[in-house]
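Trainee: Below you will find the structure I want to go over with you.
The values are calculated or read from the model by the stated rules, or taken from the named source; none is laboratory data. Owing to the predicted nature of the structure, the values given are computational and were not obtained by experimental measurement. Here the Cβ positions follow ideal geometry from the backbone for every residue, glycine too, while neighbour counts run over all protein chains shown.
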Amino acid sequence: MLDENYSVQMDAVAEPPRHVAIIMDGNGRWAAKRGLPRAVGHQRGVDSVRRVVKAAIEQGISFLTLFCFSSENWSRPESEIMELMSLLKRFIRQDLAELHAKDIRIRMIGASDGVDSDILHMVREAEELTKNNRGLQLVVAFNYGSRDEITRAVRVIAENVKSGNIDPKDVTPEFIDSQLDTAGIPDPDLLIRTSGESRLSNFLLWQSAYTEFVFTDLLWPDFDEAAFGEALKEYQGRHRRFGGLTEKPLP
């Protein structure tokens with residue numbers, strides 16, 4: 001029992017999140033509501049990406065991870081997949097110079113299997129060009145699925161244990177972190193999902209153990225700087241305890 005001179009006091013977060021992750025959902029529904037092809041929704045979604053990257057820089061965010069294409073998205077119609085691939089290539093071609101000029105570092109997470117070689121080449125070039133930048137780190141989750149990521153990491157660990165390169169007792173949470181696609185990237189402080197859905201959809205499952213979630217009914221093409229600011233404001237009103245309690249003496 002707590003001493004009567006003490007109370008449990010949990011301070012709201014004062015600083016902006018260091019790492020924000022976003023599940024960008026609702027492009028197709030946005031287009032359908034307007035009687036437009038789904039491709040138009042995806043095109044407008046790219047405009048939202050540009051707005052949010054700009055807002056993240058202005059808000060002092062260090063890491064921004066965007067869920068661009070899930071490993072489960074290959075089941076979509078081929079025409080839509082081709083459009084999404086084309087949009088990614090256009091985004092890199094049109095925006096890379098500006099992102100580099102703004103000191104943004106680009107990094108891709110996800111499996112390379114099944115991804116066209118020309119896309120992989122463009123992404124690797126973007127990573128190489130920006131690898132020394134010290135501004136916002138823009139993490140693109142492409143052909144990404146968290147279960148797949150964890151499975152790949154566990155397979156590598158198992159092979160190293162089998163070969164005697166590591167001892168099983170050395171397999172700690174920190175060691176597993178180092179084998180994931182996100183190695184070297186801090187866990188997200190805040191995860192935002194648009195379109196009214198309230199699930200993770202196989203995104204950053206390991207990394208989101210203590211992440212704060214904000215779900216908004218806005219469809220991704222309608223998500224702008226103001227909406228991003230509201231999500232940050234909600235985050236800063238949260239009490240992050242990480243499983244513990246903060247005890248402070250009463251005044």
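Trainee: Does Asp148 satisfy being surrounded by fewer than 19 Cβ atoms within 10 Å (Cβ to Cβ) and at pLDDT 95 or above? Outline the logic, then answer.
Mentor: Working: surrounded by fewer than 19 Cβ atoms within 10 Å (Cβ to Cβ): yes; at pLDDT 95 or above: yes.
The answer is yes for Asp148.
Trainee: Here's something else I'd like to know. Which condition from (1) assigned to a helix (DSSP H, G or I); (2) crowded, with 16+ Cβ neighbours inside 10 Å; (3) aliphatic (A, V, I, L, M); (4) at pLDDT below 95 is the one that Val115 breaks?
Mentor: Status for Val115: all satisfied but (1).
Trainee: Ok, one more. Out of all the residues in segment 12-45, which are closer than 22 Å to Val214 by Cβ, among the β-branched types (Val, Ile, Thr) and surrounded by fewer than 21 Cβ atoms within 10 Å (Cβ to Cβ)?
Mentor: Val13
Trainee: Can you give me the ranges of the strands (runs of 3 or more DSSP E) entirely in segment 140-251 with at least 3 residues that are within 19 Å of the chain's Cα centre (by Cα)?
Mentor: Working: elements: 190-193, 212-215, 247-249.
Strands (runs of 3 or more DSSP E) meeting the threshold: 190-193, 212-215.
Trainee: Which ones in segment 83-108 are free of Cβ contacts under 8 Å to residues at least 40 places away in the same chain and surrounded by 13 or more Cβ atoms within 10 Å (Cβ to Cβ)?
Mentor: Met85, Ser86, Lys89, Ile92, Leu96, His100, Asp103, Arg105, Ile106, Met108
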